[in-house]
1. Taking the criterion of being surrounded by fewer than 22 Cβ atoms within 10 Å (Cβ to Cβ), in a helix (DSSP H, G or I) and of a type in the set (Lys, Arg), would at least one residue in the stretch 25-36 satisfy it?
2. Inspect all residues belonging to the stretch 189-201 and state whether any of them is more than 14 Å from the chain's Cα centre (by Cα), open to solvent by less than 40 Å² (accessible area, probe 1.4 Å), more than 28 Å from TYR325 (Cα to Cα) and among the polar types (S, T, N, Q).
3. Report yes if LEU107 is closer than 17 Å to ARG292 by Cα, open to solvent by 80 Å² or more (accessible area, probe 1.4 Å), of a type in the set (A, V, I, L, M, F, W, C) and modelled with pLDDT under 95, otherwise no.
4. What residue, of LEU125, LEU160, is in contact with a strand residue (DSSP E or B) (Cβ under 9 Å, 6 or more places away or on another chain) and free of Cβ contacts under 8 Å to residues at least 60 places away in the same chain?
5. If you scan the stretch 131-169, which residues turn out to be in contact with a His (Cβ under 7 Å, 6 or more places away or on another chain) and either in a loop (DSSP other than H, G, I, E, B) or hydrophobic (A, V, I, L, M, F, W, C) (or both)?
6. So ASP115 clears everything in (1) touching a helix residue (DSSP H, G or I) at 6+ places or on another chain (Cβ under 6 Å); (2) at pLDDT 95 or above except one condition, right? Which one?
7. Tell me, which residue of the stretch 287-303 that is open to solvent by less than 30 Å² (accessible area, probe 1.4 Å) and under 12 Å from ALA32 (Cα atoms) is modelled with the lowest pLDDT?
8. Please give the strands (runs of 3 or more DSSP E) falling wholly within the stretch 170-232 in which 1 or more residues are modelled with pLDDT of 95 or more and in contact with a strand residue (DSSP E or B) (Cβ under 6 Å, 6 or more places away or on another chain).
Amino acid sequence: MPNLPAHLTSRSEFTDESPCRFQILALDGGGAKALFTVLVLAHLEEDLGICINDSFDLIAGTSAGGIIALGLGAGMRPKDIAEHYEDLVEAVFPSAQRRLWRLARRLTAPTYDSDVLRMELAKLLGHRQLSDSTKRLVIPSWDVQQGAVHIFKTPHHPRLRRDGRLQMVDVAMATSAAPTFFNAAHVQGQRLIDGGVWANNPSVVAISEAVSMLNVPLDAIRVLSVGAVDQRPNHAERIDNGGWLNWAKPAANLMITASSRGVQGTAMHLIGKDDFVRFDASVSGRVFALDRANPKALAGLAAGESRSLSPLFSERFGDHVASTYTPISAPSEHAAEPGIPTTPGGAP
């Protein structure tokens with residue numbers, strides 16, 4: 001039976017009937033489609049009479065999944081996040097009547113107003129700092145100036161001293177600043193964009209965090225990875241030999257899907273197929289888009305698909321109570337100790 005490190009939990013909390021385990025909830029990006037993700041979590045809570053936060057020791061989220069993760073960290077229930085998120089989507093993504101105007105604008109500027117996004121995120125997250133989170137969080141972004149990975153992290157390790165002082169809204173803006181959709185986010189002088197450009201499925205990021213920063217053994221990890229509607233378009237054969245005009249439209253979705261599938265395979269390889277559960281809804285064609293998704297259709301899809309997840313959740317995740325997370329107090333403004341390396345998103 002694997003042993004968890006002392007700074008995560010005491011051995012007395014675990015018995016042979018409830019073996020040592022570290023459970024991760026990983027939430028994909030998906031723009032407007034992420035309403036499906038949070039509604040699935042809401043149905044789980046309602047069906048099973050649980051609080052989803054109680055079952056997970058670490059939550060990772062990218063882009064829209066990062067917004068949901070921050071909401072969970074702020075102590076909100078999925079049902080409440082879903083209500084806010086539907087309002088957010090309606091405010092941030094204008095109606096189809098302005099589609100031609102948006103297409104023209106996209107040629108030279110971001111399509112949507114980042115100030116509106118920030119205002120809606122503030123309604124959801126308020127003035128909370130990342131250190132106010134009740135759960136360990138890992139939120140990917142990308143630093144366009146340095147061309148490097150940037151990961152926001154709650155102060156769940158003594159080395160993670162800076163991010164806890166950041167506003168949750170700033171973290172949400174950075175992880176969801178999708179190129180061509182929104183302006184890059186500026187956080188502490190860094191130019192940051194959507195974490196989905198490299199980690200739309202944050203499962204492996206979360207596994208790496210558990211192992212490298214929290215000393216959790218791989219055989220103690222179990223992951224629930226929730227997507228935001230998997231759409232499988234039938235790419236015409238003509239694009240096999242196509243150029244920019246042929247590939248410009250399908251390329252983004254293709255890369256996001258390919259990246260997520262690749263991460264899924266890697267995660268299964270790391271922790272074992274039985275300890276990685278992927279949940280998503282597959283639909284054909286372009287029924288939904290990052291900026292266009294009918295809330296009623298997503299709600300119906302989530303209601304139907306979540307019926308199969310509830311018994312699976314009870315079987316695989318329901319018997320675990322997450323270890324208590326107490327943020328590590330950040331020291332006052334002073335430099336890192338000599339010899340302690342920094343890490344992306346968690347630099348001293």
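The values are calculated or read from the model by the stated rules, or taken from the named source; none is laboratory data. Everything numeric in this text was worked out from a predicted model, so none of it was measured. Positions of Cβ are backbone-derived with ideal geometry, glycine not excepted, and every protein chain shown enters the neighbour counts. In case anyone asks, the SASA skips ligands and DNA or RNA and just uses the protein heavy atoms, side chains included. Shrake-Rupley method; radii C 1.70, N 1.55, O 1.52, S 1.80 Å.
1. No, the stretch 25-36 has no match at all.
2. no
3. In short, no.
4. Going through LEU125, LEU160 in turn, just one is in contact with a strand residue (DSSP E or B) (Cβ under 9 Å, 6 or more places away or on another chain) and free of Cβ contacts under 8 Å to residues at least 60 places away in the same chain: LEU125.
5. Correct list: TRP142 only.
6. The single condition ASP115 does not satisfy is (1).
7. Within the stretch 287-303, the match that is modelled with the lowest pLDDT is PHE288.
8. Correct list: 185-187, 190-194, 221-226.
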